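A short reminder: the numbers here are calculations on the coordinates, not readings from a lab. Bear in mind the structure is a predicted one, so any value in this text is a computation, not a measurement. Heads up, the Cβs are rebuilt from the backbone with ideal geometry, glycines too, and the neighbour counts pull from every protein chain shown.
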Amino acid sequence: MPRGRSRTEVDPRRIACLHAMGFPAWARRPGSVLPGAPPELRDTTPATRAPAAEDAGSDAEVGSLEWDALEARVSACVLCPLHAGRSRTVFGVGNRKAEWLVIGEAPGAEEDRRGEPFVGRAGKLLDAMLAAAGHARSQVYIANVVKCRPPENRDPQPEEAACCAPYLDRQIALLRPKIILAVGRVAAQRLLQTDAPVGRLRGKIHRHEPSGTPLVVTWHPAYLLRRPEAKAEAWRDLVLAMAAAEGA
Ligand code: URA
């Protein structure tokens, strides 16, 4: 039980997410009686709580967690409905001292099975792109905007991304990369808080806030698999990212 929080209180981060998703944050107190309800309707459910922060061994704010505690917190997360359909969370992988942070959208089926981002065909292409820029997969850090697989591989909803945002923010703060490479529309729009298309966002060096990290947008490797002719543009984005990382 987190210090200072009673058994019947709800995790405040969960309330924030429920608000973001448009649900009233309402919690019934075990043992409570609905107004006007006869005594037989008294709730006799044993007091329960959502599995939350403490399952990761800590009730500290996400913004103060170190890597392992953060990963444990993510793996226990039930803040949005995506948790119900996951096989496992996909926290992120790579060098925790990396200069390059690659951020994609969300785990797909293969990632959900293996617990690692970008392991399917798109992942192979991402590895080749990084290699062309002089980086082995193990040298960079790779994460996604959301840590659980959306059903049918649909785009993550803004509310789901909002629930995951503190985790990604903390990953960025811990890593302090020289460059963020946002791959694809979902990552780019989320990280830059815009609804502009990738075609308008790529080709320049942005700044991620609040970290102040230089950020370059490029096409998602899954898109490049469908449109190989866009690979030349992706290469130009990587050259720009290399320059931005050098200048950082
Ligand atoms: N796999 C991921 O981990 N992220 C994506 O954005 C796509 C595939």
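Quote to one decimal, in nm, the extra length available between A132 and A196 on full extension: 0.36 nm per residue of separation minus the C-alpha distance between them.
Once the chain is fully extended between A132 and A196, it gains 20.3 nm.
Rounded to two decimals, what is Rg over Rh for the range 53-247 when you use alpha-carbon atoms and the Kirkwood radius? Mind dumping the intermediate values first?
On the way: Rg = 15.6 Å, Rh = 16.6 Å.
Checking Rg against Rh, the ratio lands at 0.94.
Please go through the residue pairs K124/K231; K178/K231; K124/K204; K97/K231 and name each one whose alpha carbons sit more than 19 Å apart in this structure.
Violating the 19 Å Cα-Cα cut-off are K178/K231; K124/K204; K97/K231.
Work through the residues other than L70 whose Cβ is under 13 Å from its Cβ and net out their charges, Lys, Arg +1 and Asp, Glu -1.
-1
Tally Lys/Arg at +1 and Asp/Glu at -1 over every other residue whose Cβ is under 13 Å from the Cβ of V186; what's the total?
Combined, the nearby Lys, Arg, Asp and Glu give -1.
Please give the contour-minus-distance gain from R154 to A84: 0.36 nm per residue of separation, less the Cα-Cα distance, rounded to one decimal in nm.
Once the chain is fully extended between R154 and A84, it gains 23.7 nm.
Once phi is turned into ³J(HN,Hα) by the Karplus curve 6.51 cos²θ - 1.76 cosθ + 1.60 with θ = phi - 60°, what whole-Hz value does each residue of the range 148-158 show in order, with x for glycine and proline?
Those phi angles translate into 10, 6, x, x, 6, 6, 5, 4, x, 6, x Hz.
So how do 157-163, 140-146 stack up, highest first, on mean other-Cβ count within 10 Å?
My ranking of the peptides, most packed first, is 140-146, 157-163.
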